[in-house]
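Here is the structure we will look at.
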Amino acid sequence: MMRGTIMGLIVAMGLFAPVLAQQGGGRERLLDRECRREVVRMCGLNRSEIRSCLRERRDTLSERCKAQFVEGIANRQVPAPAQSSDPRARTISYGSAPRQAIDLYVPKGAKPAGGFPLLVYVHGGGWRNGDRSMVQRKPDFLMGKDWAFASVGYRLLPEAPVEQQAADVAAALRELLAESASVDIDPARIVVMGHSAGAHLAALIATDPAYLGGNMRKIAGVILLDGAGYDVARQMRAQPLLAKSLYTPAFGTDPARQARLSPITHVAAPNVERWLILHVASRRDAADQSNALAAALTAEGATARVQSIAGESHMTINRELGAQDNAHTIAVSEFLSGF
């Protein structure tokens, strides 16, 4: 397809609304022509897919385009909705900020004697983007298995540093534990799942008792989807270009802070006892980080299984969770069946 035709389709379909900003009363594109072409090659031209693709795959853009994307999203600062747009979800606030809220989905069937088991999801977005509406198939998948599902919103960079993001996720979990009886949840069967940056936050609160304290041992299990920030300093050394655009804004340059915010630093018992760690087979950094975390957890008495998922991307391992018969859905289903 000729270059002019491609760009004409992009403009006509409005595919780049997530990276537009209001400046001087008019709209100005925050990705230049070459970067827009790069996004088309990466994400295609399907309008329904482009937004989640950009949220979840921006770390695979070239450094030049990634910098434009990060700056553009940061400048937009669109707040999370105060209420869920899904009528099936009940919104629970756990703080005063709009993003400090939980969307809770509870099955319609008969409640088990102890309440429904609950999966708590922490969205990704590079610690700077995303919101609790990014649930894709997960509510239907979980409720179809008679599990409740909760998607946690949390404050983002630059408003909230990573420490506060982890504290937000922990506060949301404490709220769910405190209200478990009134919302028909079994507090003994809560599993936390995170994707990408959300996997880092889930792993951090499940290893470092500074966030959940004694409530950490009330979490029955953890599922991590294609995270690569379990040892922050190691990841920054291994991926220097990515570190400059993504990790340095989140974790800074102080080695002590990087260590403090690394789940692998905190694997000395106690930890959450049961872990399923999934990563995309083609991502070497995610594989290295996943295996290192699992080995460290296992050495401290936890049960941690790593599974490499072939044929998926960083985006689809999250988006297609719940689709019938794919490897990561089967792995998650088997893990949840043990609770």
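The values are calculated or read from the model by the stated rules, or taken from the named source; none is laboratory data. Please read all numbers here as calculations on a predicted model, not as lab measurements. Counting neighbours? That spans all protein chains shown, and the Cβs are built from the backbone with ideal geometry, glycine included. Accessible surface is based on the protein model in full, side chains and every heavy atom, while ligands, DNA and RNA are left aside. Shrake-Rupley method; radii C 1.70, N 1.55, O 1.52, S 1.80 Å.
The table below lists the values:
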item	result
Local net charge near Gly338, Cβ-Cβ under 13 Å (Lys/Arg +1, Asp/Glu -1)	+2
Surface accessible to a 1.4 Å probe, His279 within the full protein complex, Å²	10
Sites Asn291 and Ser96, calculated FRET efficiency, Cβ-Cβ separation with R0 35 Å, nearest 0.05	0.30
Dimensionless Rg ratio for region 144-243, taking C-alpha atoms and the 2.2 N^0.38 Å reference	1.15
Length released on extending from Arg33 to Ala259, taking residue separation times 0.36 nm less the Cα-Cα span	77.5 nm
Segment Lys244-Ala310, length gained on full extension (0.36 nm per residue, minus Cα span)	20.9 nm
Reciprocal of mean inverse Cα separation for region 251-339 (Kirkwood radius, Å)	14.4
Cα gyration tensor, region 126-190 - rounded (a/c under 1.5), prolate or oblate	oblate
Distance between modelled label sites at Glu163 and Lys145, nm, 7 Å Cα→Cβ extension	3.6
Net charge dipole size for region 181-339 [Lys, Arg +1 and Asp, Glu -1 on Cβ; Debye, nearest 20]	400
